[in-house]
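A quick write-up on the structure given underneath.
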Amino acid sequence: MATKFTFTEKKDTRSGFGAGLLELGKQNPNVVALCADLTGSLKMDAFKKEFPQRFFQVGIAEANMMGLAAGMTIGGRIPFTGTFANFSTGRVYDQIRQSIAYSHKNVKICASHAGLTLGEDGATHQILEDIGMMKMLPGMTVIVPSDYNQTKAATLALGSHHGPAYLRFGRPSWPIFNAPDRLFTIGKADKLIEGKDVTIFACGHLVWNAIEAEAVLAEKGISVELINIHTIKPLDVEAILASVEKTRCVVTCEEHQINGGLGDSVAQVLSRFRPTPLEIVAVNDSFGESGTPTQLLKKYGLGSENIVAAVEKVITRKL
Amino acid sequence: MMPNPSPSYLKDLASQIRRDIVRMVHGCQSGHPGGSLGCTEFFVALYFKVLQHNNKFNMDGIGEDLFFLSNGHISPVWYATLARAGYFDVKELSTFRQINSRLQGHPATHEHLQGIRVASGSLGQGLSVATGAAQTKKLNGDNKLVYVLMGDGEQQEGQIWEAAMYAAHHQVDNLIATIDYNGQQIDGPVKEIMDLKNLKAKWEAFGWQVLECNGNELEELIVTLEKAKSLTGQGKPILNLMKTEMGNGVDFMMNSHKWHGVAPNDEELKRALAQLTETLGDY
């Protein structure tokens, strides 16, 4: 069984953020970075070392960090905040809502250790609600890149994007399947595999699981169209509808609650514009727990075998 | 801006702005007159004497002093001051809190009202924003200052102390914060709701330079703010602990938390306006 995308190296997506931030710092002197006592975990050390005047250690005070970032935009700076996804969203939702989103500040909220694949730290840190919270804020761009290269590309793209944005990435070492020069455009879905029987829309780490699932399904004679929806908001409605027109059934995959995530966004598009059978591979209204990333994805139904099963099910529901 | 307004003109402004506040709140039958009236001298002193600002508003505010209002519910006094300082037409004050207005119940940037740089109202956030803006000024080599006003009830918010710790640690010494120390909050006297104990000692312990003044005495206030300016650039952020009287200028609104967020009826409006001379023309 051969996957259509392969990898020779695995790396964590957070390192893609760190590399992107450093490069962006060199390109744009207005870029500043703030971190709430997780510089090493967020891979912001290189930026800090290269640009000490433009790096702000905030300590364990995330609410203050969001306010500071909002203020720093006044005068033309572009702040990138760094902490875990849990502390980047739920903990500071009101600060983001009022000082950043409602005030339309050009703050880039960069969030690592999202989802189950954070692993052993357990459910306190494995946020699975952040995409939902952030996409509900008017004017907020939400990006969930899929590997090291795409996280780096997304970070760079945010440097020339204006307005509040949420960038979600993670901790585990993960296959790098996107070529370093693969085009990344905020808001534009990325078609990885052309197919005709079913469309899989995936984001984040689960794009790789979907690549694996496609190989299994291809052997079974099922032609999968795989599209990486790296930008949850603004959603590429046109690309979704164009694919569904052809395949007439859909599976979505994400490392997030079933409520409020990518599946939810796609369901809304389908029910409004083209009612289509849909299966959602996501965490089913539960918290996570300690374990290795692979064990957790398996236990909570996010493995490639779950995607295969969802595809086989949705195909039987085709109208 | 008028280069050096006379004390009598500043008093006229205060009287007119108080009229504006009471009329605005009466007009929509909602809003917060008490804290607005208590802070009138502060806004007059700031916008007509202390702040180096440009009423041709620019969001980035490069080369000018910036002001942030953290306790956004006292928006009436800010809006009236901005209008009287020429940021927008005073006639617009009549739209306060009404549909399709730029003068939202709490200050917002969303409708592009000149003079507002961040939304406020959910308490505790303004000091963080002001501190960030002050650090950008430093990065930009801009030697102008950043001012922020907070409430005393607002000192109960944890984020205030996160920002207080941060600004001192990072030596944000181009920042002048003021607390409206009127001793009242919605549910009653601050002392009874959640006592702040020794607020001055708290801020000093956090590493700030603390000044005190009576915020309803215009001259004393101006002297204090000038003193605060002279203390900038010395490694410490500055806090002005400003005693005020909620409802100041309208006898029946003073000495109580009752008028924190209540609008006067027609009869009360009449009684209030009788105590406040129309000096510059009502909107």
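Note on the stretch A:104-115: among residues that are buried (at least 24 other Cβ atoms within 10 Å of the Cβ) and touching a His at 6+ places or on another chain (Cβ under 9 Å), the one that is farthest from the other protein chains (Cβ to nearest Cβ) is A:G115. Just one of the numbered conditions (1) surrounded by fewer than 23 Cβ atoms within 10 Å (Cβ to Cβ); (2) more than 14 Å from chain B (Cβ to nearest Cβ); (3) not in a helix (DSSP H, G or I) is not true of A:K26: (3). Yes or no: the stretch B:26-33 includes at least one residue that is more than 14 Å from chain A (Cβ to nearest Cβ), within 19 Å of B:L175 (Cα to Cα) and within 18 Å of the chain's Cα centre (by Cα). No, the conditions are met nowhere in the stretch B:26-33.
Within the stretch A:276-311, the set of residues being free of Cβ contacts under 8 Å to residues at least 40 places away in the same chain and either in the same structural domain as A:S112 (by TED's automatic domain parsing) or outside any helix (DSSP H, G or I) (or both) comprises A:L278, A:E279, A:I280, A:A282, A:N284, A:D285, A:S286, A:G301. In the stretch B:132-145, is there at least one residue being touching a residue at least 24 places away in the same chain (Cβ under 8 Å), among the β-branched types (V, I, T), surrounded by 24 or more Cβ atoms within 10 Å (Cβ to Cβ) and within 10 Å of another protein chain (Cβ to nearest Cβ)? Within the stretch B:132-145 (the criterion being touching a residue at least 24 places away in the same chain (Cβ under 8 Å), among the β-branched types (V, I, T), surrounded by 24 or more Cβ atoms within 10 Å (Cβ to Cβ) and within 10 Å of another protein chain (Cβ to nearest Cβ)), the answer is no, since none of the residues qualifies. Tell me yes or no: at least one residue of the stretch A:46-57 is farther than 28 Å from A:S173 by Cα and in contact with a helix residue (DSSP H, G or I) (Cβ under 8 Å, 6 or more places away or on another chain). Yes - at least one qualifying residue is present in the stretch A:46-57. Scanning the stretch A:226-248 for residues that are crowded, with 20+ Cβ neighbours inside 10 Å and under 19 Å from A:I315 (Cβ atoms) returns A:L226, A:I227, A:I240, A:S243, A:V244, A:T247. Taking (1) in contact with a strand residue (DSSP E or B) (Cβ under 8 Å, 6 or more places away or on another chain); (2) farther than 26 Å from A:K298 by Cβ in turn, A:S160 satisfies each apart from (1).
Counting only residues that are touching a residue at least 40 places away in the same chain (Cβ under 8 Å) and surrounded by 21 or more Cβ atoms within 10 Å (Cβ to Cβ), the stretch B:156-167 holds 2 of them.
Checking A:F51, A:F80, A:F47, A:F55 one by one, the residue that is more than 9 Å from every other protein chain (Cβ to nearest Cβ), modelled with pLDDT of 95 or more and closer than 25 Å to B:T109 by Cα is A:F80 and no other.
Quick one: is A:T252 assigned to a loop (DSSP other than H, G, I, E, B), under 14 Å from A:V198 (Cβ atoms) and not assigned by TED's automatic domain parsing to the domain that holds A:M136? Answer is no for this residue.
Take the conditions assigned to a strand (DSSP E or B) and not aliphatic (A, V, I, L, M) and apply them to B:T178. Does it pass? When the stated conditions are applied, B:T178 passes them.
Matching residues to (1) under 20 Å from the mean Cα position of the chain (by Cα); (2) closer than 29 Å to B:L66 by Cβ; (3) not assigned by TED's automatic domain parsing to the domain that holds A:K233:
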{"position": "A:R77", "(1), (2), (3)": "no, yes, yes"}
{"position": "A:F84", "(1), (2), (3)": "yes, no, yes"}
{"position": "A:G90", "(1), (2), (3)": "yes, no, yes"}
{"position": "A:C110", "(1), (2), (3)": "yes, yes, yes"}
{"position": "A:A114", "(1), (2), (3)": "yes, no, yes"}
{"position": "A:E120", "(1), (2), (3)": "no, no, yes"}
{"position": "A:T124", "(1), (2), (3)": "yes, no, yes"}
{"position": "A:M133", "(1), (2), (3)": "yes, no, yes"}
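Inspect the stretch A:83-97 for any residue being facing another protein chain (nearest Cβ under 7 Å), buried (at least 24 other Cβ atoms within 10 Å of the Cβ), of a type in the set (A, V, I, L, M, F, W, C) and part of a helix (DSSP H, G or I) and give the result as yes or no. No: zero hits.
With respect to the conditions (1) touching a residue at least 60 places away in the same chain (Cβ under 8 Å); (2) under 27 Å from A:A123 (Cβ atoms); (3) touching a helix residue (DSSP H, G or I) at 6+ places or on another chain (Cβ under 7 Å), A:L206 falls short on a single one, namely (3). Considering only the stretch A:36-68, state which residues are charged (D, E, K, R) and assigned to a helix (DSSP H, G or I). Residues satisfying the conditions are A:D45, A:K48, A:K49, A:E50, A:R54, A:E62.
On inspection, B:D187 passes the criterion of being of a type in the set (D, E) and either in contact with a His (Cβ under 7 Å, 6 or more places away or on another chain) or farther than 19 Å from B:G126 by Cβ (or both). Scanning the stretch A:59-98 for residues that are under 13 Å from A:H113 (Cβ atoms) and of a type in the set (A, V, I, L, M, F, W, C) yields A:F84, A:A85, A:F87. Can you name the residue in the stretch B:262-282 that is among the small types (G, A, S) and assigned to a loop (DSSP other than H, G, I, E, B) and is also farthest from B:K11 (Cα to Cα) among such residues? By that ranking, first place goes to B:A263.
The values are calculated or read from the model by the stated rules, or taken from the named source; none is laboratory data. These figures come from a predicted structure and were not determined experimentally. In this analysis, Cβ positions are derived from the backbone assuming ideal geometry, glycine residues included, and neighbour counts consider all displayed protein chains.
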